[in-house]
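Have a look at the structure below before the remarks.
The values are calculated or read from the model by the stated rules, or taken from the named source; none is laboratory data. Source: prediction; values computed, not measured. Backbone-built Cβ (ideal geometry, glycine too); neighbour counts: all protein chains shown.
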Amino acid sequence: MIFLIVLGDRLKILVSGGAGYVGSVVIPELVKDGHYVKCLDRFFFGNEYLSSEQFQGKVELIRDDIRWFDPKILESVDIVLDLAALSNDPVGELDPNKTFDINHLGRARVARLSKNAGVKRYILASSASVYGQQSGAVDEKSPVNPLTAYSKANRMAEVDNIPLNDDNFVVTVMRFSSIYGLSPRMRFDLAVNSMALELYKTGKIVVRGKSNTRPFLHIKDAARAYLLFINAPKEKIGGEIFNIGSDEQNYQMDRLSREVAESIGKKYEIEVKDTKDHRSYIASFKKVKERIGFTTKHTVKDGSIEIFKALESGNLVDSTKTITVEWYKHLQSIYKTANEVSLRDTIL
Ligand SMILES: NC(=O)c1ccc[n+]([C@@H]2O[C@H](COP(=O)([O-])OP(=O)(O)OC[C@H]3O[C@@H](n4cnc5c(N)ncnc54)[C@H](O)[C@@H]3O)[C@@H](O)[C@H]2O)c1
């Protein structure tokens, strides 16, 4: 008798940058849905969480770089979620050439190799920061205005990758709002997270650029959006760009700080400072809602409370690693020192 193993909808999904802030929340959801995951990452922030027992046999960790990984790892992969990047403006400015190499050319390489390898679906993690500074509301048809190396590289990756879309290779761009909430690779350099931390440590939130307006999104909603895109009919998403977030979560920074503080319900102070960060726009999320039915379930209030409670419990601490640009500076500095003192490839 012949037994056929029916895998059903079990897919092989490669997630680049999967051990980062977003990826390490998305991957467990993919595993929960029964998918097998290959996580391609430099592991700049470690991979302890994804190497735990619960993921054995379900998540394969591949330490490599999107600029030079062996294309063989794409063989028999169904879907690629391309998240690897230097992930914000300050990191992007550390070395703009490397930012273009990784965030633009690296991700263009991932898309091209995916298509050659017969991958069926490719989703690029871009950012709503490509809108830069705009006076009115913006949707996916609005002109973009990327202001920094980080957002310019995002836009260049979009422009290179979208035309690869065809009947056999579905390409979609997700332009994420600024994300907040808990992750095993925690980031305190994101607005809501850093406000909750400041409030916890000092009872005061420093608002930089109080009138700047931007959209925000809970990390659990970001993960849910990925699941929707993985399962969406290709006619609805192929060759398309989607803003990911909700109209209600467009916040002026001043209002955002009050929302975070009032969620916690403790006495607080707000201090206003200037900023060189001029990103300001109101994004529309009509397309993602109408096309694939995505709406958010979590709020800034939920995220702030979760973070504050985790800090109070002692389960969450801030460290250099949680401020992305500081961590990359730290890695560069220890690398330089190690090179200066090592001989014959060894320190001692
Ligand atoms: N977090 C947000 O608010 C937000 C908003 C919009 C868009 N995004 C995009 O989502 C993606 C994930 O962001 P995140 O917040 O998880 O950032 P993150 O910095 O936590 O994660 C990025 C991951 O990519 C890896 N990486 C970096 N360079 C690499 C390379 N050359 N090769 C392989 N791996 C590499 C890092 O080790 C890290 O694990 C990024 O593309 C980011 O631009 C994030």
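Would you tally the residues in the stretch 182-213 being at pLDDT 95 or above and of a type in the set (K, R)?
Adding up the residues that qualify gives 4.
Within the stretch 101-122, count every residue that is away from the ligand (no atom under 11 Å from the Cβ) and either under 16 Å from the mean Cα position of the chain (by Cα) or part of a helix (DSSP H, G or I) (or both).
Matching residues across the stretch 101-122 total 9.
Can you tell me which of (1) under 19 Å from R258 (Cβ atoms); (2) more than 16 Å from the ligand (Cβ to nearest atom) is the one P233 doesn't meet?
(1)
Residues of the stretch 39-60 being more than 14 Å from Y21 (Cβ to Cβ), outside any strand (DSSP E or B) and touching a Leu at 6+ places or on another chain (Cβ under 8 Å), which ones?
Correct list: S51 only.
Condition check ((1) in contact (Cβ under 8 Å) with a residue 12 or more places away in the chain; (2) in contact with a strand residue (DSSP E or B) (Cβ under 9 Å, 6 or more places away or on another chain)) across all residues:
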| residue | (1), (2) |
| --- | --- |
| C39 | yes, yes |
| F55 | yes, yes |
| L61 | yes, yes |
| D64 | yes, yes |
| W68 | no, no |
| P71 | yes, no |
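Being part of a helix (DSSP H, G or I) and polar (S, T, N, Q) narrows it down to one residue among S183, S194, S211; which is it?
Unique residue meeting the criteria: S194.
Step by step: first the residues of the stretch 73-96, then only those that are in a helix (DSSP H, G or I) and within 13 Å of the ligand (Cβ to nearest atom), then the one that is surrounded by the most Cβ atoms within 10 Å (Cβ to Cβ). Which residue is that?
G92
So D139 ticks every box in (1) within 9 Å of the ligand (Cβ to nearest atom); (2) touching a Ser or Thr at 6+ places or on another chain (Cβ under 6 Å) but one. Which box is left unticked?
(1)
Which one is surrounded by the most Cβ atoms within 10 Å (Cβ to Cβ), of the residues in the stretch 19-29 that are over 16 Å from F229 (Cβ atoms) and more than 6 Å from the ligand (Cβ to nearest atom)?
Per the stated criteria, the residue is S24.
Kindly evaluate F45 against the criterion of being surrounded by 15 or more Cβ atoms within 10 Å (Cβ to Cβ) and over 19 Å from the mean Cα position of the chain (by Cα).
Against the criterion (surrounded by 15 or more Cβ atoms within 10 Å (Cβ to Cβ) and over 19 Å from the mean Cα position of the chain (by Cα)), F45 does not qualify.
Do any strands (runs of 3 or more DSSP E) entirely within the stretch 216-312 hold 2 or more residues that are small (G, A, S) and surrounded by 17 or more Cβ atoms within 10 Å (Cβ to Cβ), and if so, which?
So the answer is 280-283.
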